[in-house]
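The next block holds one structure in the form of structure tokens; read it before the comments.
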Amino acid sequence: MCGIIGVLSKDSVSERIFDGLSRLEYRGYDSAGIATIHDNSIHKRRSEGKLQSLKSILEKDPIQGYTGIGHTRWATHGSPTYHNAHPHTTDRVAVVHNGIIENYQTLKDNLIQNGVVFSSETDTEVVVHLIDQELRNGKTPELAVQKTLSQLEGAFALAIVFSQDPKILIGARRGSPLVVGIDENNLFLGSDAWALAPWTQKICYLEEDDVVVMKNDDVNFSYTIFSGEGKIVSRPLKNLNLATGAASKGVYSHFMLKEIFEQPQTLSDTFLALIDEKTFETRIELPIDFTKHHSRILLVACGSSYYASLTAKYWFEKYARIPCEVELASEFRYRDPVLTENDICIFVSQSGETSDTLAALNLAKAKNCSTLAIVNVPESSMARAADYCILTLAGPEIGVASTKAFTAQLAVLCVLGLKIAEQRACLDKQNLFEYFKELLHLPKLVTHVLQDVSVFDALGQRLSMASDILFIGRGTNYPVALEGALKLKEISYIHAEAYAAGELKHGPIALVDKTIPLIAISPNDNWFEKTSSNIQEVASRGAPIIMLTNDLEFTLDCRDFCKILLPKTGSLNNCFIYTVAMQCIAYYTALHKGTDVDQPRNLAKSVTVE
Ligand code: AGP
């Protein structure tokens with residue numbers, strides 16, 4: 001993970017580097033740091049914890065310089081301490097790094113044998129000392145970096161500055177993304193284009209193993225890109241049109257709450273991009289032929305995006321009658337899956353940068369499968385790598401716990417499933433008309449759920465005392481239960497597990513006692529009777545029961561029963577409604593526990609390391 005920034009300018013850079021880091025903090029917030037070159041020496045400021053602490057340090061003790069680099073860290077090697085915070089430096093060179101140097105221990109042992117003293121536990125520090133040694137031996141910055149890169153195994157995006165060459169900034173990438181930003185008076189490096197967007201929208205994406213050497217010769221700024229083989233290459237320049245406004249919480253106390261409340265709008269935006277509201281027909285042209293004999297869909301994702309994909313399996317198989325498998329990207333990429341040209345692989349990701357999902361995508365491409373990315377970030381690595389891309393229109397999601405991006409993924413997957421059903425002639429026009437009409441009504445239902453959140457607030461207060469919570473659901477509400485448990489774990493740190501309701505009696509019911517609340521998602525659908533029986537089984541063993549349902553009649557004769565009534569919906573819409581309720585439960589539970597809702601411990605928004 002980690003976010004990196006580099007700036008080569010005619011003006012002072014430290015404020016801009018800090019500003020860029022504020023747009024990259026979603027990638028990690030264990031520590032942060034900045035280094036600039038001034039008067040042929042390296043000046044550095046670092047701090048443990050969030051960017052805000054670095055800000056106070058820079059305010060008290062500013063740094064000058066027209067060339068500099070910055071970093072916001074998600075710790076991999078070495079705990080999140082001051083000494084492990086980037087940039088890592090010697091007198092000659094300063095480096096920031098996103099990724100993992102897998103052979104760092106061997107390199108470190110060799111360096112130690114040669115008398116090098118390390119000041120951190122990071123893998124990154126080997127890069128600094130290797131470059132330093134080459135510089136001492138008289139190599140130019142370009143050659144010192146190239147020589148060093150040839151010794152590294154693993155993944156990296158690097159930004160490097162040099163005390164004796166203050167007008168050079170070098171970037172390099174393998175496995176981790178790195179973007180070059182260009183304008184007349186500055187050159188920039190960033191982990192993503194959004195970080196650079198307020199300064200320039202003229203960018204180029206470095207490709208695997210590229211090294212960029214940026215120079216300011218006092219008249220012009222120039223940059224040269226070298227491929228992994230050391231040849232000068234050109235990469236396409238793009239003029240982007242990315243939003244630049246700083247995201248704000250508005251009237252909400254947290255980004256997560258704001259994003260929960262944005263869902264009527266984000267769902268409406270996503271549906272209206274896909275469905276014509278007058279004719280109730282889809283606007284998407286399917287770029288892939290799903291009718292081919294033997295074709296099968298593989299949905300590949302991580303975390304919440306995986307749970308959105310699990311939900312889609314129910315829709316794809318039920319409506320489009322097409323075999324569908326759902327895969328965790330981190331397992332899929334390493335287990336040598338059987339893939340054929342008939343397979344259609346769909347990669348679901350909010351960020352479009354998740355390392356395992358991206359690697360899975362590249363694997364599917366190498367096996368000649370058709371690839372489709374469903375992502376929330378335009379121009380992300382997956383959006384660019386896949387054969388086709390559909391955007392979820394959730395807008396920037398800042399809270400680490402995914403909310404509006406998850407429901408936007410469900411929205412795209414649901415419409416896609418119906419469109420595939422149409423292509424495969426599994427649903428007639430009238431059926432499709434009814435389903436699309438139902439989906440377009442969803443934003444109103446979500447507004448209704450959010451009209452009065454006091455019930456979730458009260459429940460959150462109670463749940464904040466629990467140390468374990470169980471969730472159950474069936475059908476598309478089984479993945480919703482999984483997502484509900486994940487949300488709760490992420491932001492309240494309460495241990496939570498979700499089960500398909502029918503599985504409970506095959507083991508997990510042994511956990512049940514009066515201290516572990518059960519949250520049951522049970523709309524009055526085809527499975528209602530079955531789930532009701534499962535609820536009874538748990539209640540009779542003394543557990544407190546919280547039932548989310550739209551059934552007015554159901555009652556339970558038990559000591560501790562709380563029923564939360566949600567609106568009646570069609571079969572497609574109900575998992576969206578129950579998801580929103582799960583998000584509210586997690587949010588208010590965390591709020592009452594007093595945890596950091598938007599930036600929970602140990603997490604980062606975008607997981608760009610394995
Ligand atoms: C969601 O709340 C999580 N923070 C996490 O599970 C996330 O969904 C996962 O890391 C995948 O990210 P992506 O959608 O950006 O690929």
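The values are calculated or read from the model by the stated rules, or taken from the named source; none is laboratory data. Quick caveat, the model's predicted, so the values are computed rather than measured. All Cβ positions, even for glycine, are placed from backbone atoms using ideal geometry, and neighbour counts span all protein chains on display. Areas reflect the complete protein model, heavy atoms only, side chains present, ligands, DNA and RNA absent. Shrake-Rupley method; radii C 1.70, N 1.55, O 1.52, S 1.80 Å.
Please determine, in degrees from 0 to 90 and to the nearest 10, the orientation of helix 477-492 with respect to the longest principal axis defined by the Cα atoms of the chain, where the helix direction is its Cα long axis. Between the helix axis and the principal axis of the chain, the angle is about 50 degrees.
Which trypsin sites (Lys or Arg not before Pro) does segment 234-296 hold that lie in a coil by DSSP with at most 11 other beta carbons within 10 Å? Qualifying residues, ordered by number: Lys278. What separates the Cα centres of segment 71-94 and segment 346-397 is a distance of 30 Å.
The mean sequence distance of close C-alpha pairs (under 8 Å, at least 6 residues apart), as a share of the length of the chain, puts its relative contact order at 12 percent.
Full extension of the chain between Gln451 and Gln113 gives 115.1 nm of extra length, using 0.36 nm per residue less the Cα-Cα distance.
Close amide H pairs (under 5 Å, H built 1.01 Å from N) link Cys324 with Ile297, residues at least 5 positions away or on another chain. Straight Cα distances below 14 angstrom link Lys514 to the aspartates and glutamates Asp468, Glu537, Asp560, with same-chain residues fewer than 8 positions distant left out. By DSSP, the beta bridges lying fully in segment 255-363 are antiparallel in about 10 percent of cases.
In loop segments of segment 333-368 as defined by DSSP, the trypsin sites (Lys or Arg not before Pro) with at most 12 further C-beta atoms inside 10 Å of their C-beta are Arg335. Model label points for Asn137 and Asp560, set 7 angstrom from Cα along the Cα-to-Cβ axis, are 6.8 nm apart.
Between segment 281-318 and segment 418-476, the C-alpha centres lie 18 angstrom from each other. Annotation: the antiparallel percentage among DSSP beta bridges lying fully within segment 251-440 is about 5.
The aspartates and glutamates within cross-link reach of Lys568, meaning a Cα-to-Cα straight distance under 20 Å and a gap of 8 or more places when in the same chain, are Glu434, Glu438, Asp452, Asp525, Glu529, Asp551, Glu553.
Note: relative contact order over segment 323-481, using C-alpha pairs below 8 Å and six or more positions apart, is 13 percent. Stretching the chain fully between Ala243 and Glu610 yields a gain of 129.2 nm (0.36 nm per residue, less the alpha carbon separation).
Can you give me the accessible area per residue for segment 390-469, using a 1.4 Å probe, in Å²?
38
Taking one quarter of the surface of the C-alpha convex hull of segment 452-610 gives a mean projected area of 9.9 nm².
Calculated [222 nm] ellipticity per residue, helices only, for the chain: -11000 deg cm²/dmol; basis is -39500 (n - 2.57) per DSSP H run with n ≥ 4, divided by all residues, nearest 500. Using a simple spin-label model with pseudo-atoms 7 Å out from Cα toward Cβ, Lys568 and Tyr252 lie 3.1 nm apart.
Between Leu272 and His495, the modelled label-to-label distance comes to 4.7 nm, taking each label 7 Å out from Cα in the direction of the beta carbon.
Taking a sphere under 11 Å around the Cβ of Tyr588 and counting the other residues whose Cβ falls inside, with K and R at +1 and D and E at -1, yields a net charge of +1. In terms of Cα atoms, the Rg and Dmax of segment 129-248 work out to 14.8, 49 Å.
Applying the Karplus relation 6.51 cos²θ - 1.76 cosθ + 1.60 with θ = phi - 60° to segment 412-426 yields 3J(HN,Hα) values of 5, 5, 5, 5, 4, x, 5, 5, 5, 4, 5, 4, 8, 6, 9 Hz, where x marks Gly and Pro. Computed from Cα atoms, the angle from the helix 303-320 axis to the main principal axis of the chain rounds to 50 degrees. As I understand it, the value is the acute angle between the Cα axis of helix 355-366 and the longest principal axis of the Cα atoms of the chain; what does it come to in degrees, rounded to 10? That works out to roughly 90 degrees. Applying 1/(1 + (r/R0)^6) with R0 = 60 Å to the Cβ-Cβ distance of Thr81 and Tyr388 gives a FRET efficiency near 0.85.
Over the C-alpha atoms of the chain, the Rg to Rh ratio, Rh being the Kirkwood estimate, stands at 1.01.
Would you kindly work out the equivalent ellipsoid of segment 400-519 from its C-alpha gyration tensor and give its semi-axes, the square roots of five times the eigenvalues, largest first in whole Å?
Taking √(5λ) for each Cα gyration eigenvalue gives 33, 19, 12 Å.
Here's the list of aspartates and glutamates a cross-link from Lys139 could span, going by alpha-carbon distance under 15 Å and ignoring same-chain residues fewer than 8 apart: Asp165. Annotation for segment 482-532: trypsin sites (Lys or Arg not before Pro) lying in DSSP loop with at most 13 further Cβ atoms inside 10 Å of their Cβ are Lys514.
Sequence-ordered 3J(HN,Hα) estimates for segment 326-331 from the Karplus curve with 6.51, -1.76 and 1.60 and θ = phi - 60° stand at 10, 10, 6, 4, 5, 8 Hz, glycine and proline given as x. Phi angles across segment 343-351 convert, under the Karplus curve 6.51 cos²θ - 1.76 cosθ + 1.60 with θ = phi - 60°, into 3J(HN,Hα) values of 6, 10, 9, 10, 10, 10, 7, 5, 6 Hz, Gly and Pro given as x.
Its Cα gyration tensor gives segment 3-246 an equivalent ellipsoid. The semi-axes, each the square root of 5 times an eigenvalue, are 24, 21, 17 Å from largest down.
Non-local lysine pairs in segment 251-440, meaning eight or more places apart or on different chains, with alpha-carbon distances under 19 Å, amount to 16.
Once R0 is set to 30 Å, what does the formula 1/(1 + (r/R0)^6) return for the Cβ-Cβ distance between Asp11 and Ser150, expressed as a FRET efficiency to the nearest 0.05? E(calc), rounded to 0.05, equals 0.30.
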